[in-house]
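The values are calculated or read from the model by the stated rules, or taken from the named source; none is laboratory data. Owing to the predicted nature of the structure, the values given are computational and were not obtained by experimental measurement. We place every Cβ from the backbone using ideal geometry, glycine too, and count neighbours over all the protein chains shown.
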Amino acid sequence: MPLCPKCKTNLGRITYEGLQIFNCGGCGGHVLKPERLDVILERREVKMPEAVRVKMMELANRSNSREALWCYRCGVQMVKEQFQYWPEIVLDRCPKCQDAFLDPGELETVQIYWEHAKDHPEEWGDDAINQRRELIEQQFSSDDRSMMESLKRRYSDPKLIASDAANIGLQILFGLLRR
């Protein structure tokens with residue numbers, strides 16, 4: 001059985017939002033592939049009452065690993081990466097196999113932030129859109145310029161921003177977790 005990158009306890013499999021992911025019974029962290037995180041973010045099977053949401057965010061803030069973690073699969077040191085546009089959420093990702101480790105409460109916090117962004121597109125003002133454009137530009141190589149130009153044209157229409165915000169965010173997240 002694989003060991004948790006944080007506390008070295010055996011990882012077990014759990015079903016979360018209908019997907020099998022690794023969970024640590026010791027520290028409560030999760031290990032998963034970026035593709036699974038993408039699917040989890042799009043599903044809304046887990047409904048969290050407000051009190052639970054607040055507690056999960058507090059837990060994530062307290063438990064964020066600051067020490068270097070090592071991938072259970074590859075033995076490579078994991079890199080710390082900001083999740084999307086929220087610097088308060090830092091995920092650990094293996095640069096070799098791309099598996100991500102989420103500290104206790106981080107998976108739920110990622111969902112809370114993501115769902116809030118999807119439910120409140122009006123909070124995605126011009127500054128946020130420009131920041132997202134810059135991040136998108138950083139993610140694509142020169143070979144992907146045609147896709148980039150298409151995204152820029154689409155982002156010039158405010159009506160399409162809300163519908164695209166989640167999809168663009170997933171592309172960026174997947175790109176970040178793939179690095």
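Condition check ((1) free of Cβ contacts under 8 Å to residues at least 12 places away in the same chain; (2) in a helix (DSSP H, G or I); (3) of a type in the set (S, T, N, Q); (4) over 30 Å from G75 (Cβ atoms)) across all residues:
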{"position": "G12", "(1), (2), (3), (4)": "no, no, no, no"}
{"position": "T15", "(1), (2), (3), (4)": "yes, no, yes, no"}
{"position": "I21", "(1), (2), (3), (4)": "no, no, no, no"}
{"position": "E35", "(1), (2), (3), (4)": "no, yes, no, no"}
{"position": "V39", "(1), (2), (3), (4)": "no, yes, no, no"}
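Being modelled with pLDDT of 85 or more and within 23 Å of Y16 (Cβ to Cβ) is the filter here, so list the residues in region 83-102 that pass it. Those that are modelled with pLDDT of 85 or more and within 23 Å of Y16 (Cβ to Cβ): V90, L91, D92, R93, C94, C97, Q98, D99, A100, F101, L102. The C-beta contact set for region 110-126 (first residue in the same structural domain as V54 (by TED's automatic domain parsing) and under 17 Å from L37 (Cβ atoms), second residue among the basic types (K, R) and modelled with pLDDT under 80, distance under 7 angstrom, 6+ apart or interchain) comprises I112/R53; E115/R44. Selection of region 80-94 for residues being within 15 Å of L32 (Cα to Cα) and assigned to a loop (DSSP other than H, G, I, E, B) yields only C94. Under the condition of being under 19 Å from the mean Cα position of the chain (by Cα) and on the phi > 0 side of the Ramachandran plot, the residues counted in region 4-20 number 2.
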